[in-house]
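Colleague: Handing you a structure now.
The values are calculated or read from the model by the stated rules, or taken from the named source; none is laboratory data. All of these numbers come straight from a predicted model, not from anything done at the bench. Neighbour counts are summed over all protein chains in view; Cβ atoms, including those assigned to glycine, are modelled from backbone coordinates with ideal geometry.
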Amino acid sequence: MQKRNLEVCLTPALLHLHVFTQSIVVVIDIFRATSSICYGIENGAESIIPVATIEACESYRHSEYLLAAERNGEVVDGFDFGNSPFSYTEDKVSGKTIVLTTTNGTHAINMSRGAHKIVIGSFLNLAALCDWLKAQPNDVLLLCSGWKDKVNLEDTLFAGGVVHYLREENYALDDAGIASEDLYIMAKDDLNTYLKKTSHSERLKKLGIEEDIKFCLNLNITKGIPVLDGERLVKMII
């Protein structure tokens, strides 16, 4: 088999440097959007509609959908909830469609449109995601959502985890992927302690939601892979 490319884009601000029309783009926003999306889809959410702006989310106000909006780590006033994984439990989201806008994650999803396929990654579904990627013939681009177009540690570290998992496969790596994997190898035995130093962890701690951080670092507690189907994220049928 011809070598596939496995690249890491450390921030959406660098996405224009990548050609990804034939690639699978894995969108990563560990604290907390993609973790919550994976958890919500696993818990029976019918779909999640990612939108870029609060106004776009507001436009669904008179639908039967749940509306979730987060900015700067906090729920936007007037919306049902934000992007805490604890808002995406089975009793709250099963059978529901959620319209979601977040500071970073939904921005990255919308920037990825035009890719061969867009899927969602988190530590919660790391093994399932990587097992699926191994079976695909396409190049892979791991897109870290970052923080307001700046690089962040938690997304970079997860990208490194994917690279590490796929290391023995027939992929050609870029330097960002190699650096991300080195970071993951250094941190993997105690993710929680390592990521306590991140700037976003500090932001979330100030909001009193440290439990969200711990939850988002759970490994392989979900098996579903959210995939963008038109305007909606749904559970991939494999």
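Colleague: Can you tell me which residue is surrounded by the most Cβ atoms within 10 Å (Cβ to Cβ) among those in the range 161-178 that are in contact (Cβ under 8 Å) with a residue 60 or more places away in the chain and assigned to a helix (DSSP H, G or I)?
Modeller: 163
Colleague: Let me ask another. With (1) closer than 30 Å to residue 53 by Cβ; (2) not in a loop (DSSP other than H, G, I, E, B) as the list, and residue 130 as the residue in question, which single condition is left unmet?
Modeller: Going through the list (1) closer than 30 Å to residue 53 by Cβ; (2) not in a loop (DSSP other than H, G, I, E, B), residue 130 breaks only (1).
Colleague: I would also like to ask the following. Looking at 198, 156 in this structure, which one is on the phi < 0 side of the Ramachandran plot, in contact with a Cys (Cβ under 6 Å, 6 or more places away or on another chain) and in contact (Cβ under 8 Å) with a residue 60 or more places away in the chain?
Modeller: The unique qualifying residue is 156.
Colleague: Which condition does residue 25 not pass, out of (1) under 17 Å from residue 226 (Cβ atoms); (2) assigned to a helix (DSSP H, G or I); (3) among the aliphatic types (A, V, I, L, M), if it passes all the others?
Modeller: The single condition residue 25 does not satisfy is (2).
Every residue, every condition in (1) charged (D, E, K, R); (2) farther than 17 Å from residue 34 by Cα, yes or no:
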position: 176; (1), (2): no, yes
position: 183; (1), (2): no, yes
position: 190; (1), (2): yes, yes
position: 202; (1), (2): yes, yes
position: 208; (1), (2): no, yes
position: 216; (1), (2): no, no
position: 222; (1), (2): no, no
position: 233; (1), (2): no, no
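Colleague: Across the range 188-216, what is the number of residues that are buried (at least 17 other Cβ atoms within 10 Å of the Cβ) and either more than 21 Å from residue 81 (Cα to Cα) or basic (Lys, Arg) (or both)?
Modeller: Residues flagged as buried (at least 17 other Cβ atoms within 10 Å of the Cβ) and either more than 21 Å from residue 81 (Cα to Cα) or basic (Lys, Arg) (or both) within the range 188-216 amount to 4.
Colleague: Here's something else I'd like to know. If the requirement is being closer than 27 Å to residue 141 by Cα, basic (Lys, Arg) and surrounded by fewer than 17 Cβ atoms within 10 Å (Cβ to Cβ), which of these qualifies: 71, 32?
Modeller: The unique qualifying residue is 71.
Colleague: Let me ask something else about it. Looking at the range 212-238, which of the residues that are part of a loop (DSSP other than H, G, I, E, B) and in contact with a strand residue (DSSP E or B) (Cβ under 8 Å, 6 or more places away or on another chain) is nearest to residue 158 (Cα to Cα)?
Modeller: Step by step, filter the range 212-238, then rank; the result is 225.
Colleague: Which of (1) free of Cβ contacts under 8 Å to residues at least 12 places away in the same chain; (2) in contact with a strand residue (DSSP E or B) (Cβ under 7 Å, 6 or more places away or on another chain) does residue 131 not meet, given it meets every other one?
Modeller: Failing condition for residue 131: (2).
Colleague: Run down 41, 49, 30 and say which single residue is at pLDDT 95 or above, in a strand (DSSP E or B) and β-branched (Val, Ile, Thr). Steps first, please.
Modeller: Working: 41 fails: in a strand (DSSP E or B); 30 fails: in a strand (DSSP E or B).
Result of the check over 41, 49, 30: 49.
Colleague: Next up: Look through the range 63-82, keep the residues that are closer than 22 Å to residue 232 by Cβ and small (Gly, Ala, Ser), and return whichever of them is farthest from the chain's Cα centre (by Cα).
Modeller: 63
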